Amino acid sequence: MLDRRSRQTGGHVTTSSEHSKGKSIRHTLTMVILCLSGGTIFNVVYIFEVYYIPTQTALELTKTQMGMLMAVFGAVSLLSYAPGGWLADRFSSRKLITLAMLITGTSGFYYATFPSYKMAMALHVLWGMSISLIFWNAMIRATRNWAPSSQQGRAFGYLEAGRGLAGVIPGSILLAVFAWMGSTQMALATVISTWSAIIVLCGIAAWFVLEDDMPSRAERSEGAKSGPGWKSIVEVLKMPAVWLIAIIIISTNTAFWATYYFTPYATEVFLLSVTAAGMLSVGRIWLNPVAPFISGFIADRFGISNFAIILLLVIMVSFGLFAVTPANESLLQLVVLNGAIAALCVYGLRGIYFAMLDEQRVPAAMTGTAAGVASVIGFLPDIYMPVLAGNILDSYPGLLGYRLLFGGASIVAGLGVIAAWMLIRNRRRST
């Protein structure tokens with residue numbers, strides 16, 4: 001007699017173990033798609049990071065106009081995070097992610113024709129909405145739903161590590177293709193078109209792999225209590241945990257932007273060769289997928305907020321050391337080691353800070369809205385840090401400028417330490 005848990009389908013008997021295996025494969029593929037989508041969707045809009053001069057030349061823009069494109073994208077994104085959170089709490093992540101990938105990818109093909117400045121501006125407005133209004137919070141919600149509360153750290157760690165790999169590996173291959181094609185305008189168009197095709201394919205795959213994670217009846221009931229979109233946002237703004245998580249995110253991302261200046265710091269202050277400095281940059285990039293993968297497991301073992309406060313303390317001390325280190329070439333090895341430690345902690349923290357939403361018992365029905373509100377605050381460094389850092393280094397050339405920059409990052413990390421301590425205290429009071 002067959003086990004009662006077996007299923008008869010068209011002459012084939014599907015056992016419960018086969019069914020579980022199928023669910024396990026789909027569960028794994030879900031995370032793969034989230035990583036691929038999250039790691040590739042930004043690569044058309046941020047194409048200038050690797051190909052700045054070729055992009056500027058192809059679009060026939062000034063540096064100011066190039067900056068305006070990113071400023072517009074950043075402003076639209078900032079305005080989109082909170083309403084995008086409400087969307088993520090009301091609609092299926094599968095539909096939102098697919099839609100965002102298709103919009104971003106198909107419009108990328110047009111960008112590869114190098115349109116006029118006005119049309120390029122319109123594209124960056126569109127991408128700000130497709131990525132930050134439609135995609136971002138849906139990805140956060142889908143990741144939270146992917147794992148139980150006891151595994152939130154590793155879920156978001158997998159996501160950040162996978163996103164890093166999804167950007168680095170194809171990006172390295174396409175850079176080699178760009179060089180092989182002679183670094184021409186056609187080569188750049190090929191790179192942009194290839195990224196666009198990858199984004200579209202990821203969108204199609206998301207439609208077939210992801211499940212519709214519509215809110216449960218209990219979640220819909222909880223969400224209904226908060227009322228329309230703006231009322232949901234107001235409700236989230238009343239949650240102290242969301243504000244504290246936002247402070248941790250802004251502390252982490254301030255430090256993240258500061259890590260971009262490790263290479264010029266080592267070159268200008270410690271006279272490191274350009275080649276060696278380039279190797280440092282590559283090493284820093286490859287730490288990105290490694291650190292969150294490890295930190296996710298550690299956070300689940302010892303508590304996400306507990307591990308976050310340790311990482312923030314190390315970041316605070318590390319940047320504090322940069323702020324007082326004298327310009328002595330004999331200290332170069334210690335400077336490089338300190339930079340590696342700081343980068344590991346920053347990338348590790350970026351992989352787990354959204355996992356605090358579950359740890360702090362933010363209602364599942366408000367995951368998207370909470371992530372959106374925290375993102376509005378937490379990603380402000382994306383707007384002000386490049387300008388602020390540039391002004392500091394221009395106003396105070398040499399060692400003093402870097403001391404002020406890294407010292408400021410250390411102070412902001414200290415605010416993150418306080419926020420993490422308050423989260424730990426609040427969690428203990430509620431248990």
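Laboratory data are not the source of any read-out in this text; all were calculated from the coordinates shown. Predicted model, so just to flag it, every value in this text is computed and none were measured. Positions of Cβ are generated from backbone atoms using ideal geometry, with glycine treated the same way; all protein chains shown enter the neighbour counts.
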Quick calc, TYR46 & MET186: beta-carbon distance into FRET formula, R0 25 Å, rounding 0.05, result 0.75
Dipole size in debye (nearest 20) for the chain around its Cα centre, Lys and Arg Cβ +1, Asp and Glu Cβ -1? 1320
Please work out the Cα center distance from segment 42-98 to segment 309-365, rounded to the nearest Å. 26
Over the chain, what number does the Rg to Rh ratio reach, with both radii from the alpha-carbon atoms and Rh per Kirkwood? 0.99
With a Förster radius of 30 Å, plug the Cβ-Cβ distance of ARG425 and LEU321 into 1/(1 + (r/R0)^6) and report the FRET value to the nearest 0.05. 0.60
Pairwise label distance in nanometres, ALA71 with ASN306, each label 7 Å out on the Cα-Cβ vector: 4.7
Added length on full extension, which subtracts the Cα-Cα distance from 0.36 nm per residue, LEU337 to VAL32: 106.6 nm
Just rank VAL50, VAL45, VAL346, VAL72, fewest to most, by other beta-carbon atoms within 10 angstrom. VAL50, VAL72, VAL45, VAL346
For segment 227-431, build the charge dipole from Cβ charges (+1 Lys, Arg; -1 Asp, Glu) around the Cα centre, then report which of GLY390, LEU311, ALA365 sits farthest towards its positive end. ALA365
Scan of the chain for trypsin sites (Lys or Arg not before Pro) in DSSP loops with at most 14 other beta-carbon atoms within 10 Å gives a longest site-free stretch of 6-237
Got a sec? Charge dipole of segment 27-214, +1 on Cβ for Lys and Arg, -1 for Asp and Glu; which of PRO54, PHE178, THR28 is way out at the positive end? THR28
Between 0 and 90°, nearest 10: helix 152-180 axis offset from the chain longest Cα axis: 60
Kirkwood Rh for segment 227-431 from C-alpha pairs, in Å, is 17.7
What order do you get for CYS35, CYS202 when you list them from fewest to most C-beta neighbours inside 10 Å? CYS35, CYS202
Placing +1 at every Lys and Arg Cβ and -1 at every Asp and Glu Cβ, with all other atoms neutral, what dipole size does segment 83-212 have around its Cα centre, in debye to the nearest 20? 140
In a Gaussian network model of the chain with springs linking alpha carbons closer than 10 Å, the residue among SER232, SER80, SER24 that fluctuates most is SER24
Binned Cα-Cα distances of segment 27-214, short to long, each 10 Å bin given as a whole percent: 10, 36, 35, 15, 3, 0
Spin-label point model (7 Å from Cα, Cβ direction): what's the VAL168 to SER395 distance in nm? 3.5
Rounded to the nearest 500, the 222 nm mean residue ellipticity computed for the chain from DSSP H runs (n ≥ 4, each -39500 (n - 2.57)) alone is -26000 deg cm²/dmol
